[in-house]
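Student: Here it is: the structure, laid out below.
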Amino acid sequence: MIFVLLSVLCSVLVSVLLKLARRLDIDVAQAIAWNYVVASALTALVLQPSLATLRQPGAPWLALIGLAALLPAIFLALGASVRHAGIVRSDAAQRLSLLLSLTAAFVLFGEQLTSLKLAGIVLGLLALLCMIWRTGAAARTDGVAGWLYPLLVFAGFGTIDILFKRVALVGMPLGASLQAMFALALPLAFARPLWQHLQHKTRLNRRSVLGGIVLGLANFGNILFYLRGHRALPQHPALVFASMNIGVVALGALVGLLLFRERLSRLNLAGGLLALLAIMLISRG
C-alpha cells in the first residue's frame, strides 16, 4: 500500500502547488507547459515504452490528440478551481469524475450495471452538488467561479478517463499512450505562455520553470506509483482504486482545512462524506 500512499501524496501535492502558485510568483500556464517536458522525459526514462504500436494501423490517434488537447486545458481549470473553490472541493470534483467514466462504461463499453454501482453513482452526483453549493458570503466572494471551475474539473477529468478507455480498448500499452499524449501536449501547452510573452503580457521566468519541474515530478509520480500499486496488488484492483480515490479526497480535505483554512459549510462537509461513501460503493460493486 506504500505505492498507493505515495500516489495520493503526489496527487494532493499537485493541488497544493497550484494553490501556492500566485503566492510564489509562478505563472500557472508556464508551469503546466514545463510540467509536460518533465513528464514526457520521465516517461521515456522510467517506463521506456515501445512506440511500435503507434505506427500500427488502427492506432487511436483521434483519442490521443483529444487527450493531448484536454490535459493542458484541464490543468488550467484545476488551477482556477483550486484558486476560487479551494483544494477540498477541487480534489473531490476530480475524484468524483469517475462517475462520468463509470456511466460511459455502461453506455458505451457494455459493462454490467450493479445495484451497488448505481447507488454509488447517485450518491456521487449528490455529493458533487453538495460540494459545489455555496451560500452567504462565500457565494458572493467567489461568484460563478466557485462552482463553475469544479464542474469543469469534474467534466474534464471524466472525459479524459473515457478517452483513456478508448485507447486501452485497442490494446495500446499505457506507456506508449502516455508518451504520445505528453509529446502532443507539449506544443499546445507552450502556445499560451509564448503568445502572452510575445504580447508582453507575461515574462518567461525561472520560478515558473522550477514550479513546472516540481509539478511534472508530482504529476508523473502520481501516475507511476498508482501503476506500481496495481502491480503490487494484482488480485485487489478495487482496493487500490478505492484507497487512491478515498485517500485523495481525505488528504485534500485535511490539507485544505488545516493548512489553508478553507471554509466549508455543513452541506459541503456532508458532500465530502457522501463522496467517500460513493467511492466505497463503486469499488465494492
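The values are calculated or read from the model by the stated rules, or taken from the named source; none is laboratory data. Quick caveat: nothing in here was measured; it's all calculated off a predicted structure. Here the Cβ positions follow ideal geometry from the backbone for every residue, glycine too, while neighbour counts run over all protein chains shown.
Student: Looking at (1) surrounded by fewer than 15 Cβ atoms within 10 Å (Cβ to Cβ); (2) farther than 21 Å from Ile74 by Cβ, which is the one condition that is false for Ala191?
Tutor: With (1) surrounded by fewer than 15 Cβ atoms within 10 Å (Cβ to Cβ); (2) farther than 21 Å from Ile74 by Cβ applied to Ala191, the lone miss is (2).
Student: Being at pLDDT 90 or above and under 18 Å from the mean Cα position of the chain (by Cα) is the requirement here; does Val214 meet it?
Tutor: Numbers: at pLDDT 90 or above: yes; under 18 Å from the mean Cα position of the chain (by Cα): yes.
Yes.
Student: For the range 81-91, name all the residues that are in a helix (DSSP H, G or I) and buried (at least 24 other Cβ atoms within 10 Å of the Cβ). Quick ask: steps written out before the conclusion?
Tutor: The initial filter retains those residues of the range 81-91 that are in a helix (DSSP H, G or I), namely 81-85, 87-91.
Passing the criteria: Ser81, Val82, Ala85, Ile87, Val88, Arg89, Ser90, Asp91.
Student: Next question. Could you count how many residues in the range 37-68 are under 21 Å from Asp161 (Cα atoms), free of Cβ contacts under 8 Å to residues at least 60 places away in the same chain and not aliphatic (A, V, I, L, M)?
Tutor: Residues in the range 37-68 being under 21 Å from Asp161 (Cα atoms), free of Cβ contacts under 8 Å to residues at least 60 places away in the same chain and not aliphatic (A, V, I, L, M): 1 in total.
Student: Looking at the range 194-228, which of the residues that are of a type in the set (S, T, N, Q) and touching an Asp or Glu at 6+ places or on another chain (Cβ under 8 Å) is surrounded by the most Cβ atoms within 10 Å (Cβ to Cβ)?
Tutor: Here the answer is Ser208.
Student: Between Ala63, Ala69, Ala41, which is assigned to a helix (DSSP H, G or I) and within 15 Å of the chain's Cα centre (by Cα)?
Tutor: Numbers: Ala63 fails: within 15 Å of the chain's Cα centre (by Cα); Ala41 fails: within 15 Å of the chain's Cα centre (by Cα).
It is Ala69.
Student: Select from the range 15-25 the residues that are buried (at least 23 other Cβ atoms within 10 Å of the Cβ) and either β-branched (Val, Ile, Thr) or under 20 Å from Phe241 (Cβ atoms) (or both) and list them in ascending order.
Tutor: Of everything in the range 15-25, just one residue is buried (at least 23 other Cβ atoms within 10 Å of the Cβ) and either β-branched (Val, Ile, Thr) or under 20 Å from Phe241 (Cβ atoms) (or both), namely Ser15.
Student: In the range 200-249, how many are among the hydrophobic types (A, V, I, L, M, F, W, C), in a helix (DSSP H, G or I) and over 21 Å from Lys117 (Cα atoms)? First the steps, then the outcome.
Tutor: The initial filter retains those residues of the range 200-249 that are among the hydrophobic types (A, V, I, L, M, F, W, C), namely 204, 209-210, 213-215, 217-218, 220, 223-225, 227, 232-233, 238-242, 244, 246, 248-249.
So of that shortlist, the ones also in a helix (DSSP H, G or I) come out as 209-210, 213-215, 217-218, 220, 223-225, 227, 232, 238-242, 244, 246, 248-249.
Then keep just the ones that are over 21 Å from Lys117 (Cα atoms); that gives 209-210, 213-215, 217-218, 220, 223-225, 227, 232.
Qualifying residue count, the range 200-249: 13.
Student: Residues Met172, Met181: which one is closer than 20 Å to Gly212 by Cα and either buried (at least 19 other Cβ atoms within 10 Å of the Cβ) or among the acidic types (Asp, Glu) (or both)? Let's see the steps before the verdict.
Tutor: Numbers: Met172 fails: closer than 20 Å to Gly212 by Cα.
Of Met172, Met181, the one residue that is closer than 20 Å to Gly212 by Cα and either buried (at least 19 other Cβ atoms within 10 Å of the Cβ) or among the acidic types (Asp, Glu) (or both) is Met181.
Quick grid of which residues meet (1) aromatic (Phe, Trp, Tyr); (2) free of Cβ contacts under 8 Å to residues at least 40 places away in the same chain:
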position	(1), (2)
Trp195	yes, yes
Arg203	no, yes
Ala232	no, no
Pro237	no, yes
Val248	no, no
Leu254	no, yes
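Student: Quick check: anything in the range 92-108 farther than 20 Å from Ile32 by Cβ, modelled with pLDDT under 85 and not in a helix (DSSP H, G or I)?
Tutor: yes
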